[in-house]
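Below: one structure, written as structure tokens.
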Amino acid sequence: MANLEELLHQRLAPAFESVAGIPVDPAIRRSPRAHFQSDAVLALVGKFGGNPQDIAAQVVKAAQLDDLCSAVEVSGPGFINLTIADTALGRLLAVSCSDERIGVPQTGVPERITVDYSAPNAAKEMHVGHLRSTIIGDAAVRLLEWLGHTVIRQNHIGEWGTPFGMLVEHLLDVGESEAAHELSVGDLNGFYQAARRKFDADEQFKDRARRRVVLLQSGDETTLRLWHTLVDESKKYFMIVYGMLGVRLTEDDFFGESYYNDHLQSVVDELDGLGLLRESNGAQCVFPEGYTNRNGDPLPIIVKKSDGGFGYGATDLATICHRLRNLKAIRLLYVVGLPQSQHLEMIHAVARDAGWLGFPARAEHVGHGSILGDDGKMLRTRAGASVKLVDLLEEAVSRAAAVIAVKNPRLDEETRAAVARAVGIGAVKYADLSTDRLKDYVFDYDRMLAFEGNTAPYLQYARARICSIFRRSGAEPPQDIAELVITEPAERALALELLAFGSVVTAVAETLEFHKLATYLYSLASAFTTFYEKCPVLRSEGETQQCRLVLCDLTARTLELGLGLLGIESPDQM
Ligand code: ARG
């Protein structure tokens with residue numbers, strides 16, 4: 001266990017308890033005064049009184065810290081400042097180095113977790129909103145799996161409901177094979193808009209579309225076959241986009257809205273049996289407590305519309321039941337844009353009211369903001385159309401290729417193409433994940449592809465440079481050392497960064513604030529840069545060199561792993 005915060009916690013908690021007589025969280029954090037500090041005495045004194053300096057001194061006396069800290073000081077109104085001994089750093093680094101997981105153990109409490117993410121709509125282009133959900137959801141899947149949780153991916157695509165009447169009729173007009181072709185090459189928007197135009201302009205077509213919806217919902221065989229063509233071609237196209245993005249979604253992860261069809265009526269019946277259903281304007285609704293509109297009127301989740309059809313809300317209630325009861329999940333994540341916050345909160349509230357969702361199970365909306373253009377509005381093409389995701393990704397890759405060609409003209413063509421893909425796609429993902437997900441951000445190719453600053457190429461390059469140190473010198477990272485000898489401040493600073501990885505990853509698994517992992521990787525790379533400027537590696541000798549080689553190796557491995565958890569590749573050369 002090479003997680004310093006955790007180690008200090010383990011040593012201080014019993015000391016606090018012996019002094020206070022009750023369990024106390026030592027509240028360890030990185031410190032500007034020493035390496036770490038504990039502020040728990042302040043809270044304790046606030047509650048029970050006493051002299052803070054005395055109490056802090058007693059805690060320090062009771063704590064077993066000799067092998068970990070070189071200095072333990074009480075300062076100010078009772079802060080405990082902790083300086084980690086170089087020998088302890090050296091020992092912990094040696095442990096990390098010999099461990100495939102660089103010192104981060106799997107979780108002691110593995111959970112079954114569903115991740116609802118990506119969820120584009122069939123016969124419609126994936127837009128930038130789905131890009132964010134796809135990238136964030138993929139990072140959640142990777143991180144939680146790596147920590148040892150069982151993760152079940154749920155791609156809740158929209159492929160049911162009234163628009164499909166119109167789309168099936170349009171498919172018949174165009175001809176089945178021609179329509180399949182249009183969709184498979186990704187002209188989803190063209191297809192959708194053509195159908196929409198007819199629907200808006202042509203009363204007869206509108207009638208046909210309406211009748212078709214009824215046929216679809218009553219399970220008419222021909223209609224279902226045509227509907228399948230639409231959905232299957234869309235899925236094929238989504239798989240192409242996922243392939244380009246390098247996300248873990250597969251064909252088996254599609255659990256679209258239609259999947260829940262047969263369960264909707266029983267969900268409604270159950271809510272009715274619980275006395276939660278109320279009629280409102282002919283529709284069957286649930287009114288979770290605490291949700292009102294501007295006039296103070298209660299807001300409904302409409303489960304059954306006045307025409308007898310089920311709504312988006314009913315389907316989402318069915319997803320909760322399915323995930324809790326059939327998939328036996330205990331943590332339900334919904335990676336969906338912020339505009340759907342209220343909808344999801346209300347759905348989760350209804351599930352709690354119905355008694356479906358309760359401790360220890362929990363549902364979380366992992367919300368995210370929007371991607372903006374440089375005009376500060378939703379990202380669009382110059383012509384004002386929505387941006388096709390494949391175009392956006394291709395552009396990122398081709399711009400990356402141009403940058404790489406200048407940086408490293410000696411790369412052969414095949415390597416260059418692979419590197420350009422890793423850098424271009426990595427840059428798009430990193431720009432997203434390094435922003436606080438609750439915020440909007442401006443999509444900017446130049447900034448995300450820069451080799452300076454908090455970007456994917458900067459981190460990828462930092463790692464590739466370390467790979468080249470080993471490659472050019474033929475040096476190997478040393479194996480099986482019991483303790484590294486640390487002497488220089490830059491070595492110490494880098495060691496402390498490296499040993500912080502575990503606590504960052506554990507915290508991010510809870511909050512899914514991936515920008516904190518990104519910020520960590522960036523400060524690790526910066527600490528490495530300072531170290532590499534101050535401390536010669538290949539020109540040093542003996543224990544000093546051993547230590548420095550391990551620091552290089554661990555930095556490279558931490559960057560590769562950290563980027564990997566964000567879904568970003570690390571090419572060995574760039
Ligand atoms: N298909 C929806 C959309 O494009 C997103 C679905 C999100 N997931 C959910 N369970 N509601 O907005």
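Values for this structure:
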quantity: Pick from region 230-249, criterion of a type outside the set (A, V, I, L, M, F, W, C) and without any contact (Cβ under 8 Å) to a residue 24 or more places away in the chain, ranking: farthest from ASP391 (Cα to Cα); calculated: ASP232
quantity: Condition met for ILE113 (part of a strand (DSSP E or B), within 16 Å of the ligand (Cβ to nearest atom) and surrounded by fewer than 19 Cβ atoms within 10 Å (Cβ to Cβ)); calculated: no
quantity: Criterion violated by THR87 - all others in (1) modelled with pLDDT under 95; (2) closer than 29 Å to GLY108 by Cα; (3) surrounded by fewer than 16 Cβ atoms within 10 Å (Cβ to Cβ); (4) of a type outside the set (Asp, Glu) satisfied; calculated: (1)
quantity: Boolean, ARG91 is away from the ligand (no atom under 16 Å from the Cβ), touching a residue at least 60 places away in the same chain (Cβ under 8 Å) and under 21 Å from the mean Cα position of the chain (by Cα); calculated: no
quantity: Test: residue in region 288-296 that is surrounded by 14 or more Cβ atoms within 10 Å (Cβ to Cβ), more than 11 Å from the ligand (Cβ to nearest atom), over 23 Å from the mean Cα position of the chain (by Cα) and not small (Gly, Ala, Ser); calculated: yes
quantity: Unique residue being under 28 Å from ASP262 (Cβ atoms), buried (at least 18 other Cβ atoms within 10 Å of the Cβ) and in contact (Cβ under 8 Å) with a residue 12 or more places away in the chain when the list is LEU226, LEU147, LEU172, LEU143; calculated: LEU226
quantity: Qualifying residue in region 141-155 (condition: over 30 Å from LEU512 (Cα atoms), β-branched (Val, Ile, Thr), away from the ligand (no atom under 15 Å from the Cβ) and in contact with an Asp or Glu (Cβ under 9 Å, 6 or more places away or on another chain)); calculated: no
quantity: Test set (1) of a type in the set (Asp, Glu); (2) modelled with pLDDT under 95; (3) within 16 Å of the ligand (Cβ to nearest atom) - ASP187 fails condition number; calculated: (3)
quantity: Subset tally (residues that are touching a residue at least 12 places away in the same chain (Cβ under 8 Å) and polar (S, T, N, Q)) for region 266-298; calculated: 3
quantity: Residues satisfying the stated conditions in region 25-37, i.e. closer than 9 Å to PHE79 by Cβ, modelled with pLDDT under 95 and either in contact with a helix residue (DSSP H, G or I) (Cβ under 8 Å, 6 or more places away or on another chain) or of a type outside the set (Gly, Ala, Ser) (or both); calculated: ARG33
quantity: Qualifying residue in region 19-26 (condition: farther than 25 Å from THR506 by Cβ, in contact (Cβ under 8 Å) with a residue 24 or more places away in the chain and of a type outside the set (D, E, K, R)); calculated: yes
quantity: Output for region 313-334, where each listed residue is within 12 Å of the ligand (Cβ to nearest atom), under 19 Å from ALA140 (Cβ atoms) and aliphatic (A, V, I, L, M); calculated: ILE320, LEU332, LEU333
quantity: Test: residue in region 43-56 that is among the charged types (D, E, K, R) and either within 16 Å of the ligand (Cβ to nearest atom) or modelled with pLDDT of 95 or more (or both); calculated: no
quantity: Unique residue being at pLDDT below 95, surrounded by fewer than 24 Cβ atoms within 10 Å (Cβ to Cβ), within 11 Å of the ligand (Cβ to nearest atom) and of a type outside the set (A, V, I, L, M) when the list is GLY103, GLY129, GLY78; calculated: GLY129
quantity: Boolean, THR162 is of a type in the set (S, T, N, Q), away from the ligand (no atom under 12 Å from the Cβ) and at pLDDT below 95; calculated: yes
quantity: Qualifying residue in region 335-354 (condition: of a type in the set (Ser, Thr, Tyr), within 14 Å of the ligand (Cβ to nearest atom), under 20 Å from ALA509 (Cα atoms) and under 23 Å from the mean Cα position of the chain (by Cα)); calculated: no
quantity: Within region 116-198, helices (runs of 4 or more DSSP H) holding 2 or more residues that are closer than 30 Å to LEU563 by Cα; calculated: 128-146
quantity: Residue in region 490-505 that is within 15 Å of the chain's Cα centre (by Cα) and either buried (at least 16 other Cβ atoms within 10 Å of the Cβ) or small (Gly, Ala, Ser) (or both) present; calculated: yes
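The values are calculated or read from the model by the stated rules, or taken from the named source; none is laboratory data. Not measured: the values here are computed from a predicted model. Reconstructed Cβ throughout: ideal geometry from the backbone, glycine too, with neighbour counts over all protein chains shown.
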